[in-house]
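Engineer: Below is the structure I would like to discuss, written out as structure tokens.
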Amino acid sequence: MTPYDDSPAQAPAQTPTPLVDAFGRTVRYLRVSVTDRCDLRCTYCMAERMVFLPKAEVLTLEELDRIASAFVGLGTRKLRLTGGEPLVRKGFLDLVRSLSRHLTTGALDEITLTTNGTRLAEFAQGLAEAGVKRINVSMDTLDPEVFRRLTRGGDVAKVIAGIEAAQAAGLSVKINAVALKNDNAAGLPGMIEWAHARGLDMTLIEAMPMGEIDEDRTDQFLSLAEVRRELASYWTLEDLPLNTGGPARYVRVAETGGRLGFITPLSHNFCEACNRVRLTCTGTLHTCLGREDASDLRAVIRAGGSDADLIDAIRLAIDAKPQGHDFHIGRGEAPSVARHMSTTGG
Ligand code: SAM
Ligand code: SF4
């Protein structure tokens, strides 16, 4: 039984030819943005006044399931659900429960999500029961005032309560923080200690030039090469071979005993090993985070396309996956890509 009215298709039982792009990279990781909406307005992610999509343009849960399942049928092993804020999408848990059938069959290794954590206290148990084992929680600062300013009104206490609920439900939690020169840089070492003391991994992310925001990104951009040098001046950072299937490189901080990741699209390009593509909530497939390439899978399914048509459209898009991004941050420059991270699905 699935929670939907109609039973969504199972991933095909036969082993299909995997999705390999023109540069020999096999795509096994799909990120799905389930909504462009969010209850926060992080300054580096969104403009203060965002225009959100009309409902008719957004894929239904069944459509999201159908496309994600087509990917699973083509060898995708990992699904990350994101947004916008995934936990504000109505029926989100139904989607997770339904997709978890691919965990049961062994077609999928993992369903995970990236969330801002504000509603996690409410959802943690349900997520764990639906087969989610690990989640990423985005939290850029522990300071309630800085958090309120950075998110334009958010309450960090709710996020911390959400993290605690997730841990109590048995979920493994990683904290993601975007490093921002003027906003949270000074607080990062304290946050790393806080996270490691609670058994949480932590990953730092460089701000990427995606979408128009209300500030100049040169004021915010902080190279993680610089942050790493500074941390290494008082901590021992031991390189780890850990690969979680994403773009982070990990170290163990000897003094805290915890793991720290660095996602450095600007100071160190990671495209050569890219195994990921992204589906927006409108069914647009972006095969590169930092390029304007786009394939409209919604058009295929809403025109009545068969599963074979959908698979053809996916393969065509993967064939054209760009070699790498072209991120660049300069004063007064337009963003490298026009769409916001909240549209693409970070
Ligand atoms: N709302 C959820 C959250 O915040 O975790 C999921 C979506 S959010 C777009 C996913 C991740 O993208 C978050 O960790 C956020 O900090 C990050 N992000 C958003 N805009 C970014 C940007 N311009 N550069 C780098 N990371 C960004
Ligand atoms: Fe919302 Fe996440 Fe973007 Fe912040 S980073 S505005 S929480 S989508």
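Engineer: Can you work out the FRET efficiency for the pair Asp109 and Ala157, with r the C-beta to C-beta distance and R0 = 56 Å, to the nearest 0.05? Before the final figure, lay out the partial values.
Structural biologist: Numbers: r = 34 Å, r/R0 = 0.60.
Working from the Cβ atoms, E equals 0.95.
Engineer: Pick out, from Tyr250, Ala186, Ser98, the residue whose Cα sits farthest towards the positive end of the charge dipole of the chain, with +1 on the Cβ of Lys and Arg and -1 on the Cβ of Asp and Glu.
Structural biologist: Looking along the dipole axis, the top candidate is Ser98.
Engineer: Follow-up. Run the reach check for Lys133 against aspartates and glutamates, Cα to Cα strictly under 15 Å, same-chain hits fewer than 8 apart removed. What comes back?
Structural biologist: Candidates past the 8-residue exclusion: Asp109, Glu110, Glu164, Asp201.
Engineer: Tell me, what is the percent relative contact order of the chain, built from C-alpha pairs under 8 Å that lie six or more residues apart? List each step's numbers first, then the result.
Structural biologist: Numbers: 710 pairs, mean separation 72.9, N = 346.
Computed over the chain, the figure is 21 percent.
Engineer: May I pose another question? Could you give the size of the charge dipole of region 55-208 about its Cα centre, using +1 on the Cβ of each K and R and -1 on the Cβ of each D and E, expressed in debye and rounded to the nearest 20?
Structural biologist: Details: 19 positive and 19 negative charges, 45 e Å.
Once rounded to the nearest 20, the dipole reads 220 debye.
Engineer: How far, in nm, would the chain grow between Ser172 and Asp307 when pulled straight, counting 0.36 nm per residue and subtracting the alpha carbon separation? Can you show the working numbers first?
Structural biologist: Working: separation 135, 0.36 × 135 = 48.60 nm, distance 3.47 nm.
That works out to 45.1 nm of additional length.
Engineer: Calculate the radius of gyration of the Cα atoms of region 15-149 to one decimal place, then report Dmax, the largest Cα-Cα distance, as a whole number, both in Å.
Structural biologist: According to the Cα coordinates of region 15-149, Rg and Dmax are 16.2, 52 Å.
Engineer: Using unit Cβ charges (K, R positive; D, E negative) and no other charged atoms, how large, in debye to the nearest 20, is the dipole of region 54-112 about its Cα centre? Please list the in-between numbers first.
Structural biologist: Values: 9 positive and 8 negative charges, 16 e Å.
So the dipole magnitude of region 54-112 works out to roughly 80 debye.
Engineer: Divide the volume of the convex hull of the Cα atoms of the chain by its number of residues and quote the answer in cubic angstrom per residue. Working shown, then result.
Structural biologist: Details: hull volume 44.6 nm³, N = 346.
Normalising the Cα hull of the chain by residue number yields 129 Å³.
Engineer: Suppose accessible area is computed on protein heavy atoms with a 1.4 Å probe; arrange Leu61, Leu74 from highest to lowest. Don't skip to the end; give the middle numbers.
Structural biologist: Details: Leu61 25, Leu74 5 Å².
From most accessible down to least: Leu61, Leu74.
Engineer: Now, a different point. Per-residue counts of other Cβ atoms within 10 Å, averaged by peptide: what ranking do you get for 109-120, 48-59, highest first? The partial results should precede the final answer.
Structural biologist: On the way: 109-120: 23.1, 48-59: 12.3.
Sorting 109-120, 48-59 by mean packing, highest first, produces 109-120, 48-59.
Engineer: Once you list every other residue whose beta carbon is under 9 Å from the beta carbon of Val173, what net charge do they have if Lys and Arg are +1 and Asp and Glu are -1?
Structural biologist: Working: positive: Arg134, Lys174, Arg198; negative: Asp201.
Around Val173, the surrounding residues sum to +2.
Engineer: Just to confirm my understanding: which cysteines in the chain have no other cysteine beta carbon less than 4.7 Å from their beta carbon?
Structural biologist: Isolated Cys, the chain: Cys38, Cys271, Cys274, Cys281, Cys288.
Engineer: Something else about it: At 7 Å along Cα-to-Cβ for each site, give me the label-to-label distance between Glu164 and Glu255 in nm.
Structural biologist: So the two model labels end up 2.7 nm from each other.
Engineer: Now for a different question. Please enumerate, by chain and number, the lysines with C-alpha under 27 Å from the C-alpha of Lys321, excluding those fewer than 8 residues away in the same chain.
Structural biologist: Lys78
Engineer: Using a Förster radius of 41 Å, what is the FRET efficiency between Ser233 and Phe52 based on their Cβ-Cβ separation? Nearest 0.05, please.
Structural biologist: On the way: r = 44 Å, r/R0 = 1.07.
Here the calculated transfer efficiency is 0.40.
Engineer: Still on this structure, please answer the following. Using Cα positions and a limit of under 18 Å, work out the lysines in reach of Lys55, with same-chain residues fewer than 8 apart set aside.
Structural biologist: Candidates past the 8-residue exclusion: Lys90.
Engineer: May I pose another question? With +1 on each Lys and Arg Cβ and -1 on each Asp and Glu Cβ, how big is the dipole of the chain about its Cα centre, in debye rounded to the nearest 20?
Structural biologist: Values: 40 positive and 45 negative charges, 97 e Å.
Its charge dipole is roughly 460 debye.
Engineer: Could you tell me the extents of region 115-258's C-alpha atoms along the three principal axes, largest first, rounded to whole Å?
Structural biologist: Result for region 115-258: principal-axis Cα extents of 41, 37, 26 Å.
The values are calculated or read from the model by the stated rules, or taken from the named source; none is laboratory data. Computed from a predicted model, the values in this text were never measured in an experiment. Virtual Cβ from ideal backbone geometry, glycine too; neighbours counted across all protein chains shown. Areas reflect the complete protein model, heavy atoms only, side chains present, ligands, DNA and RNA absent. Shrake-Rupley method; radii C 1.70, N 1.55, O 1.52, S 1.80 Å.
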